[in-house]
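Throughout, read-outs are computed from the coordinates displayed, never taken from laboratory work. All of these numbers come straight from a predicted model, not from anything done at the bench. Note that we place each Cβ from the backbone using ideal geometry, even for glycine, and neighbour counts take in every protein chain shown.
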Amino acid sequence: MTALYFLFTLLLETPVHLALLRGRPLAHVMLACLLVNGITHPLASYLSLEWDWNFWLLEALVWAVEGVLIFITWRISALKSALLSFAANGVSAGAGLLWMAFFA
């Protein structure tokens, strides 16, 4: 099931990355989104499922780590990196909360 959640995360976050990184090659943005989420998603899933970490604490951690990774990857301002990470994770976290509210 975790792989399915990862796929949903990519489907939700990639358009945000594409919108905020206009002018960058599509394949580069998609690959960067895959790699950034490939680092944070398994760790967040593990901490959530095995250690029962607080949802909001995990989201804050993911936001911070992905913001740094985006900053390093794209060499954009720290503010733009943080906003991109916040927007992308806001979309996927919001969808996750809705999913849990209706189906869990």
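The table below lists the values:
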| read-out | value |
| --- | --- |
| Selection within the range 49-95 - in contact (Cβ under 8 Å) with a residue 60 or more places away in the chain and either in contact with a Leu (Cβ under 9 Å, 6 or more places away or on another chain) or at positive phi (or both) | K80, L83, L84, A87, A88, V91, S92, A95 |
| Selected residue (criterion: farthest from H17 (Cα to Cα)) from residues of the range 46-60 that are within 12 Å of the chain's Cα centre (by Cα) and surrounded by 16 or more Cβ atoms within 10 Å (Cβ to Cβ) | L58 |
| Counted residues, the range 72-104 - those being within 13 Å of F8 (Cβ to Cβ) and surrounded by fewer than 12 Cβ atoms within 10 Å (Cβ to Cβ) | 4 |
| First in the range 21-39 and in contact (Cβ under 8 Å) with a residue 60 or more places away in the chain, second anywhere and surrounded by 14 or more Cβ atoms within 10 Å (Cβ to Cβ) and of a type in the set (F, W, Y), Cβ under 8 Å, 6 or more apart | L21/W74 |
